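Since the structure comes first, as structure tokens, the remarks are kept for the end.
The values are calculated or read from the model by the stated rules, or taken from the named source; none is laboratory data. Keep in mind that what you see is a predicted model, and the values were worked out from it rather than measured. Reconstructed Cβ throughout: ideal geometry from the backbone, glycine too, with neighbour counts over all protein chains shown. Only protein heavy atoms, including side chains, enter the accessible area calculation; ligands, DNA and RNA are left aside. Shrake-Rupley method; radii C 1.70, N 1.55, O 1.52, S 1.80 Å.
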Amino acid sequence: MAVSIEDVEILKLKTDKREYRRIVLKNSLQCAASMNVGVGSFCDPVGLEGLAHFLEHMLFYASEKYPSEDSYLKYITEHGGSTNAFTASEMTNYFFDVNTDCFEEALDRFAQFFIKPLMSADATMREIKAVDSENKMYLLSDERRMSQLQKHLSLESHPYHQFGGGNCDTLDVRPKAKGVDTRQELLKFYEDKYSANLMHLVVYSKESLDKIQSLVEDKFQEIRNSDRSRFQFLSQPCTSEHLQILVRAVPIKQGHKLRIVWPITPSILHYKEEPCRYLDHLINHEGEGSLSYVLKKLGWATELYAGEDDSASDFSFFYVVIDLTDAGQDHMQEIIGLLFKYIELLQQSGVCKWIFDELSAICETGFHYEDKISPVDYVVRISSNMQIYPPKDWLVGSSLPLDFNPDTIQKILNELSPESVRIFWESNQFEGLTDKVEPWYGTAYSVEKVSPSRIQAWMSSAPNENLHLPVPNVFIPTDLSIKNPQEKIKLPVLLRKSCYSKLWYKPDTVFSTPKAYVKIDFDCPYVSNSPETEVLANLFATLLMDDLNEYAYYAQVAGLHYDISHTGSGFQVTLVGYNHKLRILLETIVNKIAKFEVKPDRFSVIKEMAIKAYQNFKFQQPYEQANDYYSLIIEDQTWPWMEQLEVLHCLNEEDLAKFAPIMLSRAFLQCYIAGNIEHEESVSLIQHIEDVFFKGSNPICQPLFPSQILRNRVVKLGRGMNYCYSKEGLNPSDENSALIHYIQVHRDDFILNVKLQLVALIGEQAAFHQLRSVEQLGYITYLGQRNDFGIHGLLFIIQSTVKDPGHIDSRVEAFLRMVEGKLSEMKNDDFKVRWRVLLLEVISFPFILFVFYGLYF
């Protein structure tokens, strides 16, 4: 059975009560359900780009043991589960979750992916269309386009250069022209590449480790072991030809962006030292004196991100991505100069042990008190780690930089040099000024060389700002003790109520982590009066976040996160993280709200960001736009984005300065506090907030009048009526169209909610199989529930490049009739009758709304 191996102690969280065991089957499949296969898009044969991704799709169809098409997906969804997969450069990961009592059979069906899958000729052609549809969905994604452009500008013989997603051209048209049978190549690829010794399986179950081991040995021992070596790509993707370049590219969306990229030594080779974590901590920093702080103060940038990306076993890249303002677009050279000046500062300062120790402490606390994630996400993470790390570090991965090695950090820092830089500069201003086109996504671009001496000149011309390292972080928690609630409260309780606020409270009685959660909804009736007030409330929340950032960024780094966001009825303040210093941050936020002031320079930047966000609405996925139109039709007090954009152009800082006190003049606070926090402290927090806003000789807020208590409402669709709203697509370059087919069912009711949930569960897989797999209407095919402020319904979402929304809607109606017919044919045993009654109860509801969005009707 299992091969005898040396016992390995797997490092785990202090709070983790789960048990782990590593076994290796006699076929060399390692188990610690997610299956990670050490074969990714880098293994695609030349001329069959996307084959690894296509194989990922095909394994879901059928197997010799379970030959019915889509029977695996049907079994998973009908037993309360979900399943998916993804293809990366060096791995493909398959995963599922399911109800506990169905786990054994689900695992058996899953195992057949890797034992004897069926890949029929008919399914092959249909799934090529699905891959093509998926590719078309991303053709207008700037992130995808720029990523592929970076790959395009690399060594043509290196797998990094390839197009890994695949489409109809690479998987059908071109192979046919060369006399290549894609299905035969697919089978050959599977036989040649998929070997048990390259697979890592994680099984998560409530059963004992002995039972799980027995189950795995029984289900997976038949996977063929070809004893394949790990696929390696030792050469570097970039030669001197691809370095010291400045690339101007034309994006789809409005805006400007700089991506500064260096090839570096992969930090996975030094995962205990984690040199890139140290560097991205400093380059990413947003506190006073940081690069981000200086660029924002100059009005040149709105966001900065730094870190390792596009990493593989044998090569990697370090990125600095900067979102530019219109003013920043005119100062690209100075911005690049400031970046290199900051890198020079880091080099001259040397590697600081106190910074590494601080970061290490934050990471260690974060690891041991990590919030539990869903089982399916957990097994995916571990199975991916199993390909990369030794067994003792499968759980921790690279999240604990414990070994201080300044030489390793300095080595990576020295690689961020002008000699090896690749600068990608994106802006719509370059339209018509480029001379090249990337072949897969059609991105227009041009390339020029940029010498180190030129970058040195940019450094010299950059403004003399006071760039410096961050100061010690005062928000790092030192008290991680666990409170002992006096009562074991299972559900939130209404702890306090006044004319100003309600406080709901739930102490942690389950997880025993030193964390708390605070959410405060400011219900302000003046917010939803008009498009103007909607936009002003959004600007208010964004400016507050902007103003707090210099101070509160340290809290974020230390694991205490916050957010201030506009809601339909006002705005919301949320804090989540370590409770030790939560009150300090909350009181700071409250004081900022109470003393809100508009800084003209920051207002102009935030307004520019908001205008671009509205203008880029038309570049969203069509189904997302259709969903927005649905909300406009069905929900009360919502405003079209075109109207909001129109008023935004006319607003200035004085308008916001006048609006803020009016918005706050009448308010009610809905508060929820949970976690490692005692009820006395919770009451004290809310009392303090009430004192700030509602007390004193000239209070900021007054309580709401009874008539101002907000009630969210939706339109009731008339019985026996069908409503159809058609909207032509705003982006003529987007081939996709979309349908939303909504059936309004009932008001909030516990029993009816459960019935509707069961209906959605039953219909989800059937809709996916019929409308996507069989009829090939579109890659995005969804059937699920919709809850609009307590009004529940059933929702179909389908996005397509092959059929118009009217045709798709006729197929949805045909699908519903087919389901009704199948229900009528069911045998009248008690269980099936129950399902039949539920389904008929829902699909017979005549409250239907259609939203058609696309290029043709």
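Quick notes on this structure:
- Relative contact order of the range 222-340, taken over Cα pairs closer than 8 Å and 6 or more residues apart, is 30 percent.
- Summing charges over all other residues whose Cβ lies under 15 Å from the Cβ of residue 549, with Lys and Arg as +1 and Asp and Glu as -1, gives -4.
- Dividing the summed helix terms, -39500 (n - 2.57) for each DSSP H run of n ≥ 4, by the number of residues in the chain produces a 222 nm estimate of -12000 deg cm²/dmol to the nearest 500.
- Cα centroid of the range 40-56 to Cα centroid of the range 534-587, whole Å: 44 Å
- Heavy-atom accessible area order for 524, 650, 724, 168, largest first, 1.4 Å probe: 650, 724, 168, 524
- Length gained on full extension, residue 807 to residue 530, computed as 0.36 nm times the residue gap minus the Cα-Cα distance: 96.1 nm.
- Per-pair calculated FRET efficiency, R0 = 35 Å: residue 719 and residue 545 via Cβ, rounded to 0.05: 0.20
- For the pair the range 698-720 / the range 266-315, the C-alpha centres are spaced 45 Å from each other.
- The separation of the range 665-694 from the range 400-459, counted between C-alpha centres, amounts to 48 Å.
- The chain - share of DSSP beta bridges that are antiparallel (%, nearest 5): 80 percent
- Cβ-Cβ FRET estimate between residue 326 and residue 584, R0 fixed at 45 Å, reported to 0.05: 0.75
- Here r is the Cβ-Cβ distance between residue 405 and residue 814 and R0 is 60 Å; the resulting FRET efficiency, rounded to 0.05, is 0.40.
- Extension gain from residue 698 to residue 370, taking 0.36 nm per residue of separation minus the Cα-Cα distance: 113.7 nm
- Rounded if a/c under 1.5, otherwise prolate or oblate - the range 689-743, Cα gyration tensor axes: oblate
- Take every pair of alpha-carbon atoms less than 8 Å apart whose residues are at least six positions apart; their mean separation over the length of the range 465-606 yields a relative contact order of 27 percent.
- Residue-wise HN-Hα coupling along the range 381-390, computed from phi with Karplus coefficients 6.51, -1.76, 1.60 (Hz; x: Gly, Pro): 4, 5, 4, 5, 4, 5, 6, 9, 10, x
- Residue pairs, from the table 253/607; 151/436; 74/822; 206/822, whose Cα atoms sit over 26 Å apart: 206/822
- For the pair residue 361 and residue 231, label points projected 7 Å from Cα toward Cβ lie 4.5 nm apart.
- Solvent accessible area, Å² - residue 269, 1.4 Å probe, full protein context: 110 Å²
- In plain terms, the chain from residue 208 to residue 747 could stretch by 189.7 nm, reckoned as 0.36 nm per residue minus the Cα-Cα distance.
- Relative contact order, percent, the range 546-643 [alpha-carbon distance under 8 Å, six or more residues apart]: 16 percent
- The range 605-752 shape via C-alpha gyration tensor axes, a/c threshold 1.5: oblate
- Each label point was placed 7 Å from the Cα along the Cα-to-Cβ direction; for residue 730 and residue 460 their separation is 4.7 nm.
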